[in-house]
Amino acid sequence: MRTTDKTGRVVTVKRGTDHDQIMLVTSGGKVIRLRVNEIRIIGRNTQGVRLIGLDEGEHVASVARVAEREDETESRDEPPLPGTD
């Protein structure tokens, strides 16, 4: 991956599928959650895709793949709703 002063450093690279979501957190407290299939696919010679806007001095503090939630009726932490058995 090519980087320039304009594009900045590569923060992280994650492997995922079109069904995954990612969450980005900045040092300034901004949080954004994105579906991977909604991120533009670009050619090899471009400068990348901006996923989040940063304020002066702010940086991406964390990037994580978001795990899918369990079906609410199958959750072990919550009893089933009455009449759904």
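Bear in mind that the values in this text are calculations on the coordinates, not laboratory data. Keep in mind that this is a model prediction, so the values were computed, not measured.
Points to keep in mind about this one:
- Taking amide H as placed 1.01 Å from N in the peptide plane, Gly48 has no amide H partner under 5 Å among residues 5 or more places away or on another chain.
- Here's how it looks for Gly16: its modeled amide H is under 5 Å from none belonging to a residue 5 or more places away or on a different chain.
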